[in-house]
1. Residues to consider are 43, 36; find the one that is in contact (Cβ under 8 Å) with a residue 60 or more places away in the chain and farther than 26 Å from residue 154 by Cα.
2. Keeping to region 100-118, report how many residues are buried (at least 16 other Cβ atoms within 10 Å of the Cβ), aliphatic (A, V, I, L, M) and not in a strand (DSSP E or B).
3. Across region 140-173, what is the total count of residues that are of a type in the set (S, T, N, Q) and under 16 Å from residue 89 (Cα atoms)?
4. Scan (1) assigned to a helix (DSSP H, G or I); (2) touching a helix residue (DSSP H, G or I) at 6+ places or on another chain (Cβ under 7 Å) for the single condition residue 56 breaks and write down its number.
5. Might you let me know whether region 119-132 holds any residue that is closer than 23 Å to residue 43 by Cβ, in contact with a Leu (Cβ under 7 Å, 6 or more places away or on another chain) and either surrounded by 12 or more Cβ atoms within 10 Å (Cβ to Cβ) or not hydroxyl-bearing (Ser, Thr, Tyr) (or both)?
6. Looking at the structure I just gave you, is residue 91 under 15 Å from the mean Cα position of the chain (by Cα) and surrounded by 18 or more Cβ atoms within 10 Å (Cβ to Cβ)?
Amino acid sequence: MKETASVNSGFATRMKSLHWAIAVLVLIMLYGGFTLSRETATLHFGTGLVVLVLMVIWLAVRRTSIRPAYTPMPRWQEIAAKATHHGLYASVTLQPVFGLLMVTTSKGEPVAYGVIPLKIVQNDTINEIGHVLHGVNGFLLTALVAVHILAALYHHFIVRDNVLKRMLPFAKA
């Protein structure tokens, strides 16, 4: 069973590092997904694979890491925070899976980083399912990221508690 650290402690360095690496890549991927072109697609495909690998590592590390307890807040905010976090875990993990459904079954010959072939077999039905799921989840992910960022800024600038500081790379909570 996992232990929980005190409210005042921050997250472990490995959790912070994975969080910020994934956060930066997800923001880049969201921008890239909404502005995708033939020239940038190969980078988008490859970076999606990196995000998937990092999320699997992050989820494994999260299961074994001591996490600080939630900062005291109204019950509805704690429920919203947990729902948002779990939504992010699922959405960020599933987004590259849905992307893989799409590219591995496409008509074209998709490659990641210009060198890793991704096509397995053309299947228009699976491709369309992947396309729809990837698109819908992309909008859900965008909304969850926005809520997550706004909540962190709300806690930092309005409530003035340590919620954001606990996850900042060099801050002491």
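What follows draws every value from the coordinates through simple rules; no lab data is involved. Quick caveat, the model's predicted, so the values are computed rather than measured. Please note: Cβ atoms are built from the backbone with ideal geometry, for glycine as well, and neighbour counts cover all protein chains shown.
1. The unique qualifying residue is 43.
2. First, pick out the residues of region 100-118 that are buried (at least 16 other Cβ atoms within 10 Å of the Cβ): 100-106, 110-112, 118.
Checking which are aliphatic (A, V, I, L, M) leaves us with 100-103, 111-112, 118.
Right, trim to not in a strand (DSSP E or B) and you get 100-103, 118.
Within region 100-118, residues that are buried (at least 16 other Cβ atoms within 10 Å of the Cβ), aliphatic (A, V, I, L, M) and not in a strand (DSSP E or B) number 5.
3. Applying the first criterion (of a type in the set (S, T, N, Q)) to region 140-173 yields 142, 162.
Add one more test, that the residue is under 16 Å from residue 89 (Cα atoms), and what stays is 142.
Total meeting the criteria: 1.
4. (2)
5. yes
6. Yes, satisfied.
Residues are listed down the side, and each one gets a yes or a no for (1) without any contact (Cβ under 8 Å) to a residue 40 or more places away in the chain; (2) under 30 Å from residue 148 (Cβ atoms):
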position	(1), (2)
64	no, yes
70	no, yes
82	yes, yes
88	no, yes
91	no, yes
117	yes, no
122	yes, no
